[in-house]
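Enquirer: So that we are looking at the same thing, I have put the structure below in structure tokens.
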Amino acid sequence: MRAVVSSCAGPLCAAARSVIPSIWRGKYFSSGNEPAENNPVTPMLRHLMYKIKSTGPITVAEYMKEVLTNPAKGYYVYRDMLGEKGDFITSPEISQIFGELLGIWFISEWMATGRSVAFQLVELGPGRGTLVGDILRVFSQLGSVLKNCDISIHLVEKTPQGWREVFVDVDPEVSDKLRFVLAPCATPAAAFIQHDETRDHVEVCPDAGVIIQELSQRIALTGGAALIADYGHDGTKTDTFRGFCGHKLHDVLIAPGTADLTADVDFSYLRRMAQGKVASLGPIKQQTFFKNMGIDVRLKVLLDKSDEPLMRQQLLHGYDMLMNPEKMGERFNFFALLPHQRLHGGRHQMNACQSKTSAFPVAGFSELAWQ
């Protein structure tokens with residue numbers, strides 16, 4: 001999930017420097033035990049080492065914030081990370097169909113909720129505006145767009161002493177090298193863990209909770225809908241914090257500032273943060289969502305209109321990337337927030353008068369139906 005970055009972990013206890021080295025068991029990256037020659041000293045690494053030596057170990061959330069959005073050395077600030085020549089590629093860049101089907105989703109929701117004259121589309125996410133451009137091509141009467149945001153996580157591990165947050169520290173045995181450590185006492189991040197949590201490693205994102213609460217309140221009061229699309233899980237995964245450089249997995253502690261850092265969305269956490277103010281649907285796999293949205297019909301239309309072999313090849317390649325279970329088809333998920341009355345029927349504002357409407361199926365989460 002792409003949203004606003006901030007770190008909300010408070011200061012460590014008095015024994016801040018009495019940290020416990022931690023071998024983080026994430027399957028996507030190592031713990032930073034590579035040879036020194038594989039760990040180039042980047043400007044960001046120098047900055048982080050100075051920061052840590054001055055104030056003590058930092059949370060993973062603060063590490064991500066510095067690496068990605070530092071105004072002087074941040075990865076997102078000074079690198080063109082999107083596309084085939086970058087470090088990763090987003091779904092809207094893969095195929096125009098992605099944005100077009102999302103545009104249809106918004107039209108469907110607009111129609112189902114009374115065709116309100118006032119309509120705003122707000123995007124929380126990084127990119128070049130490709131997604132919004134594709135949506136606007138489908139539905140041109142939209143308003144403001146907010147972009148270029150990101151979000152960071154806190155890593156928390158279960159220990160015999162209770163939940164302890166994972167911090168980033170300077171390795172005392174190797175110069176110019178970072179390592180993971182465990183905080184010596186509880187930190188505010190532990191407050192976001194469920195009392196019945198069975199996993200021994202948890203990634204928590206308080207900032208995502210704040211965003212969902214704000215969205216839920218707005219939707220409950222004024223209507224509308226939120227559609228969240230990202231890699232994620234429903235409260236089942238543990239270690240998803242990872243880096244990408246040149247479209248390949250990259251150790252998150254090596255050469256900071258040269259690779260993207262990301263983590264999967266915990267949709268069960270987003271559902272809890274809605275606090276019952278709105279209804280939630282999903283998460284469902286991207287393959288299912290786009291099948292319900294009629295992706296096969298749209299692909300056929302585009303193929304029939306194209307006489308260029310290269311364009312047809314690109315369309316088929318993009319379709320495969322979006323729908324193949326081994327690629328993004330089952331790795332990407334869709335999750336929606338809607339007013340409760342949207343699912344059960346109710347009174348919606350239509351122009352200047354109130355009108356009774358029935359409960360339309362929600363596009364993508366059931367087969368698309370136009371009425």
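The values are calculated or read from the model by the stated rules, or taken from the named source; none is laboratory data. Keep in mind that what you see is a predicted model, and the values were worked out from it rather than measured. Neighbour counts are summed over all protein chains in view; Cβ atoms, including those assigned to glycine, are modelled from backbone coordinates with ideal geometry. Calculation scope for accessible area: heavy atoms of the full protein, side chains included, ligands and nucleic acids excluded. Shrake-Rupley method; radii C 1.70, N 1.55, O 1.52, S 1.80 Å.
Enquirer: Filter region 253-279 down to the residues that are touching a helix residue (DSSP H, G or I) at 6+ places or on another chain (Cβ under 8 Å) and closer than 20 Å to Tyr78 by Cα and list them by number.
Expert: Selection gives Ile254, Ala255, Pro256, Gly257, Thr258, Ala259, Asp260, Leu261.
Enquirer: State all residues of region 195-214 that are open to solvent by 50 Å² or more (accessible area, probe 1.4 Å) and within 21 Å of the chain's Cα centre (by Cα); if no residue qualifies, say none. Outline the logic, then answer.
Expert: Our first condition is that a residue be open to solvent by 50 Å² or more (accessible area, probe 1.4 Å); within region 195-214, this holds for 195-196, 198, 200, 210, 213-214.
Selection gives Val210, Gln213, Glu214.
Enquirer: Looking only at region 319-331, filter to residues that are part of a loop (DSSP other than H, G, I, E, B) and not aliphatic (A, V, I, L, M); which one of those is surrounded by the fewest Cβ atoms within 10 Å (Cβ to Cβ)? Show your work before the answer.
Expert: So in region 319-331, the residues part of a loop (DSSP other than H, G, I, E, B) come out as 324-331.
Filter again for not aliphatic (A, V, I, L, M), leaving 324-327, 329-331.
Numbers: Asn324: 13, Pro325: 11, Glu326: 8, Lys327: 15, Gly329: 19, Glu330: 14, Arg331: 17.
Out of the qualifying residues, it is Glu326.
Enquirer: Can you tell me which condition Asp176 does not meet? The list is (1) among the acidic types (Asp, Glu); (2) buried (at least 21 other Cβ atoms within 10 Å of the Cβ); (3) in a loop (DSSP other than H, G, I, E, B), and all the others hold.
Expert: That leaves (2) as the condition not met.
Enquirer: Among Lys305, Lys327, Lys285, which is of a type in the set (Lys, Arg) and at pLDDT 95 or above? Spell out the reasoning first.
Expert: Values: Lys305 fails: at pLDDT 95 or above; Lys327 fails: at pLDDT 95 or above.
Residue meeting the stated conditions: Lys285.
Enquirer: Let me ask you something else. Are there any pairs, at least 6 apart or on different chains, whose C-beta atoms fall under 6 Å, with the first in region 209-237 and closer than 30 Å to Gly329 by Cβ and the second of a type in the set (D, E, K, R) and in a helix (DSSP H, G or I), and if so, which?
Expert: If the second residue must be of a type in the set (D, E, K, R) and in a helix (DSSP H, G or I), the pairs left are Ala225/Glu109.
Enquirer: Run Ser280 past the list (1) closer than 19 Å to Val210 by Cα; (2) open to solvent by less than 20 Å² (accessible area, probe 1.4 Å); (3) at pLDDT 95 or above and report the number of the one that doesn't hold.
Expert: That leaves (2) as the condition not met.
Enquirer: Name the residue that is modelled with the highest pLDDT, counting only residues in region 108-137 that are surrounded by fewer than 16 Cβ atoms within 10 Å (Cβ to Cβ) and β-branched (Val, Ile, Thr).
Expert: The selected residue is Val122.
Enquirer: If I ask for residues that are modelled with pLDDT of 70 or more, outside any strand (DSSP E or B), surrounded by fewer than 22 Cβ atoms within 10 Å (Cβ to Cβ) and in contact with a helix residue (DSSP H, G or I) (Cβ under 7 Å, 6 or more places away or on another chain), which ones from region 138-170 would you list?
Expert: Filtering region 138-170 for residues modelled with pLDDT of 70 or more gives 138, 149, 151-170.
Among the residues that remain, those that are also outside any strand (DSSP E or B) are: 138, 149, 151-153, 160-161.
In the following step, the residues that additionally are surrounded by fewer than 22 Cβ atoms within 10 Å (Cβ to Cβ) were identified as 138, 149, 160-161.
The one that is modelled with pLDDT of 70 or more, outside any strand (DSSP E or B), surrounded by fewer than 22 Cβ atoms within 10 Å (Cβ to Cβ) and in contact with a helix residue (DSSP H, G or I) (Cβ under 7 Å, 6 or more places away or on another chain): Val138.
Enquirer: Checking Gly83 against (1) at negative phi; (2) modelled with pLDDT under 85, only one condition comes out false. Which one?
Expert: (1)
Enquirer: Further question on the same structure: Of everything in region 228-272, what is farther than 18 Å from Val156 by Cα, crowded, with 20+ Cβ neighbours inside 10 Å and among the aliphatic types (A, V, I, L, M)? Give them in sequence order.
Expert: Listed by number, the residues that qualify are Ile228, Ala229, Ile254, Ala259.
Enquirer: Of these, Leu45, Leu12, Leu102, which one is buried (at least 20 other Cβ atoms within 10 Å of the Cβ), over 30 Å from Gly364 (Cβ atoms) and modelled with pLDDT of 60 or more? First the steps, then the outcome.
Expert: Values: Leu12 fails: modelled with pLDDT of 60 or more; Leu102 fails: over 30 Å from Gly364 (Cβ atoms).
Testing whether each residue is buried (at least 20 other Cβ atoms within 10 Å of the Cβ), over 30 Å from Gly364 (Cβ atoms) and modelled with pLDDT of 60 or more leaves just Leu45.
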